[in-house]
Amino acid sequence: MTERIVVWHRDDLRTADNAALAAASRDGTPCPVFVADPAFYDERGLACDARIEFLFECLADLREQYRDLGSDLAILHGHSVERLRELLTPGARGSATDHTRLYVNRGVPTADGLARDETVLGWRGTEAFGEDGIVREGRSRDGWSDQCEAYFEADRHPTPDSLPTNPIPSDCTLDDLRAEYDIESAKERVPRGGRTPGLRRLDRFVDTIHEYPSAVSRPAKAEQHCSRLSAYLKFGALSIREVYQRVQSEAVDGRGREMFTSRLFWNRHYRQKLADWPEATERSINPVFRSLHRQDHDPDLVAAWREGRTGFPMVDAAMRALVETGFINFRMRSLVATFYSYVLREWWKPGADFLYSHLIDADPGINYEQWQAQAGLVGVHPIRVYNPAKQAREYDAEGEFVRRYVPELAPLPDDHLPRPEKTPLAVQQESGVEIGEDYPYPVVDYERRASEARELMARHHDRAQEALYSDAELLARASLSRRRRREASSDDEQSRSDQTSLGEF
Ligand SMILES: Cc1cc2nc3c(=O)[nH]c(=O)nc-3n(C[C@H](O)[C@H](O)[C@H](O)COP(=O)(O)OP(=O)(O)OC[C@H]3O[C@@H](n4cnc5c(N)ncnc54)[C@H](O)[C@@H]3O)c2cc1C
């Protein structure tokens, strides 16, 4: 009998292009497991019910993938380290004495996850696979983009044709977990999780990629015409390499393909940053900004931001869309992050946590590193305080997004949607919208606060640079794994300015 190898799935919820599974089926009998660890479901996980439901759908789909191959996915409940130790300990509860090895794809854990992984990876018999475009060896990141590109271009891992049965039984069902943690998604229009819906979405996107450049920045269009693959990539229902290869080989050559490909590199870039410094979810990258606005907390302003009643329609629409659907596009994420940090003058961390908790695609590397970049906490990015009225005029000129999520403003003429507080009384009466009654006046003076924020950040600039350039490790943490320029499209506004300038204000 061949050796039984536990394959521990985490955020690699697929049988295709899966390094750990491919190796286990080469070396022995793969015994796939997923451990539902309470840390993900309680407050530590910062996961909304809709994201948990998306995960469950991915698990149900993965189970079907295994059943089609003749095996099954065992779902276990409990602390990951304990449950895995039991499986590998002869005679322990639930173990079959002949599980001697464990194969796992490394992923990019947060600091907490890293402690867990270090325990498991330290066991004799654990083998970890890190083939995902993330560089884990050495400290230099020179040539990073070439290594990432080599991963994207390399052959995918083979999917096994068939598998023996899995001797490890599940000890809970997804319904048990729903009941145990009281999971009830309240969000609307959340895409269905799993590889099958992910592949359908990829098929559709490949056919419509020409529409991507005009949709990516427009929040109302992005919901439909961006790829919306982020959550599938986050949970690994699709491998980023298969997405890259499908798009390179099947999508029409042009600006849409170039822009999209850049973003797949950005995905790796931000995950790389977290792999290099897992503390980035907790602390500002540049120590000069560690306490910025920590004492300035105003609970009323934060409540207005969270609930979408700041009096800035584009911010409010974005926050309500986030809470209602678990998705907003890149530009709206940047808008709400810079508004929170620069304009409301709040300490970044609770804001980034709030975004993280509501996003279906919440990825610790991308979310926290992006927030830090947007809020100027790294010390290398230009300061960009997104102007909500300008965003509305340029990216929602007909008010589709604002009217969808802030319906109390719907009757106002388009011209007044960016700054409803300036609507003449006669127009308010005619449209039946009373500002101050039906919709709030702005909670702060944007122009004054934006200009004060720029002054504040300018005052910190020299110290921030000094901190970076006097500490090689810090500089490495803040520096950017740039992609070669030839890849960037000349009119892709985000690629053009490379990663040092993510977004216009
Ligand atoms: C403050 C902030 C927080 C963010 N948090 C997350 C997060 O938790 N998870 C997440 O996946 N993305 C995050 N992003 C990046 C980006 O907004 C989303 O990836 C994108 O909106 C997802 O939609 P899509 O799949 O249709 O993307 P598309 O535009 O179709 O892009 C394709 C893929 O490229 C990657 N990508 C796109 N834009 C970026 C970017 N700016 N940085 C890194 N990767 C990118 C994603 O994997 C995405 O699925 C964040 C951005 C900001 C400013």
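Using the charge dipole of the stretch 125-190 (Lys, Arg: +1 at Cβ; Asp, Glu: -1 at Cβ; taken about the Cα centre), state which of SER170, SER185, ILE134 has its Cα farthest towards the positive end. Farthest towards the positive pole: ILE134. The value of relative contact order for the chain, using C-alpha pairs under 8 Å at least six residues apart, is 17 percent. Which GluC sites (Glu not before Pro) in the stretch 438-471 pass both tests, a DSSP loop state and at most 16 other beta-carbon atoms within 10 Å? Within the stretch 438-471, no GluC sites (Glu not before Pro) qualify (loop, at most 16 other Cβ atoms within 10 Å).
Relative to the dominant Cα principal axis of the chain, helix 255-276 is inclined by about 70°. Each label point was placed 7 Å from the Cα along the Cα-to-Cβ direction; for ASP182 and GLN248 their separation is 4.9 nm. Just flag the trypsin sites (Lys or Arg not before Pro) in the stretch 285-377 sitting in loop per DSSP whose Cβ has no more than 16 other Cβ atoms within 10 Å. Sparse-neighbourhood loop trypsin sites (Lys or Arg not before Pro): ARG290, ARG294. Counting only aspartates and glutamates at least 8 places from LYS187 when in the same chain, those with an alpha carbon closer than 16 Å to its own are ASP49, GLU53, GLU57, GLU223, GLU307, GLU324, ASP361.
Geometric descriptor of the stretch 161-311, per residue, is 228 Å³ (volume of the convex hull of the Cα atoms).
Under 28 Å from the Cα of LYS422, which lysines turn up, not counting those fewer than eight places away in the same chain? Within the straight-line cut-off, LYS422 pairs with LYS221, LYS390. If the segment from THR196 to ASP353 were pulled out straight at 0.36 nm per residue, it would be longer than the present Cα-Cα gap by 53.5 nm. Taking R0 as 30 Å, what FRET efficiency do you get between GLU282 and LYS390 from their Cβ-Cβ distance, rounded to the nearest 0.05? Calculated value: 0.40. Restriction of the GluC sites (Glu not before Pro) in the stretch 376-422 to DSSP coil positions whose beta-carbon has at most 16 other beta-carbons within 10 angstrom yields GLU398. At an R0 of 25 angstrom, the distance between the Cβ atoms of GLU43 and ASP11 translates into a FRET efficiency of 0.80. The residue list ALA362, LEU301, PRO424 was ranked by how far each Cα lies along the charge dipole of the stretch 281-500 toward its positive end, using unit charges on Cβ atoms, and ALA362 comes out on top. A straight Cα-to-Cα reach below 24 Å connects LYS273 with the lysines LYS234, LYS349, residues fewer than 8 places away in its own chain not being considered. Between the stretch 18-79 and the stretch 218-264, the C-alpha centres lie 24 angstrom from each other. A Förster radius of 56 Å combined with the Cβ-Cβ distance from ARG124 to HIS297 puts the calculated FRET efficiency at roughly 0.70. Note on the chain: with charges restricted to the Cβ of Lys and Arg (+1) and Asp and Glu (-1), its dipole about the Cα centre is near 1040 debye.
Derived from the Cα gyration tensor, the three semi-axes of the equivalent ellipsoid of the chain are 41, 25, 23 Å, largest first. What whole number of Å gives the distance from the Cα centroid of the stretch 120-185 to the Cα centroid of the stretch 337-379? Each part reduced to its Cα centre gives a spacing of 26 Å. Surface analysis of the stretch 137-283 yields an accessible area of 47 Å² per residue, using protein heavy atoms and a 1.4 Å probe. Considering helices alone, the calculated mean residue ellipticity of the chain at 222 nm is -14500 deg cm²/dmol, with DSSP H runs of length four and up weighted by -39500 (n - 2.57) and normalised per residue. First compute the accessible area of the stretch 1-41 with a 1.4 Å probe, then give the percent of it belonging to carbon and sulfur atoms. The value for the stretch 1-41 is 50 percent carbon and sulfur by accessible area. Relative contact order of the stretch 281-500, taken over Cα pairs closer than 8 Å and 6 or more residues apart, is 25 percent.
The values are calculated or read from the model by the stated rules, or taken from the named source; none is laboratory data. Model, not experiment: these values are computed from the prediction. No Cβ is skipped: glycine too gets one built from the backbone with ideal geometry, and neighbour counts run over all protein chains shown. The accessibility values were calculated without ligands, DNA or RNA, using every heavy atom of the protein model including side chains. Shrake-Rupley method; radii C 1.70, N 1.55, O 1.52, S 1.80 Å.
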